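Scroll down for the structure; my scribbles are underneath it.
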Amino acid sequence: MSDSPTDLLAKVLTVSDGVYHGARQDTGGRGLTEHLRTHGFDVVDHRVSEDGADPVAAALREMSDGFAGLVVTTGGTGISPTDRTPEA
């Protein structure tokens, strides 16, 4: 990654209890990361959060703090009592 101000920087957050706990593969996050890279973005962070407003909000705050780029989320694919992704 260069320090040029024209760099397209991105971070990806996958929200999924299954992926977070190792029960599922993160195909959505990996696919999104690849898509962004194909379109010229330098994906500088890709992480996974469990479902729930607090964990998702905390991850988004941490990922966006001081970051001047694109933060993209994927997931929240299951309907469960802990699925509070939109609220976060």
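The values are calculated or read from the model by the stated rules, or taken from the named source; none is laboratory data. Because the structure is a prediction, the values reported are computed rather than measured. As a convention, Cβ positions derive from the backbone with ideal geometry for all residues, glycine included, and neighbour counts pool all protein chains shown. Just the protein is used for accessible areas: all its heavy atoms, side chains included, with ligands, DNA and RNA removed. Shrake-Rupley method; radii C 1.70, N 1.55, O 1.52, S 1.80 Å.
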Worksheet item: Mind checking whether some residue in region 22-40 is in contact with a strand residue (DSSP E or B) (Cβ under 9 Å, 6 or more places away or on another chain), modelled with pLDDT of 95 or more and at positive phi?
Response: yes
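For the subset of region 55-69 comprising residues that are closer than 13 Å to residue 44 by Cβ and open to solvent by 60 Å² or more (accessible area, probe 1.4 Å), which member is modelled with the lowest pLDDT?
68
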Worksheet item: Would it be correct to say that residue 76 is at pLDDT below 95 and open to solvent by less than 60 Å² (accessible area, probe 1.4 Å)?
Response: yes
Worksheet item: Across region 13-39, what is the total count of residues that are within 14 Å of residue 70 (Cβ to Cβ) and open to solvent by less than 50 Å² (accessible area, probe 1.4 Å)?
Response: 4
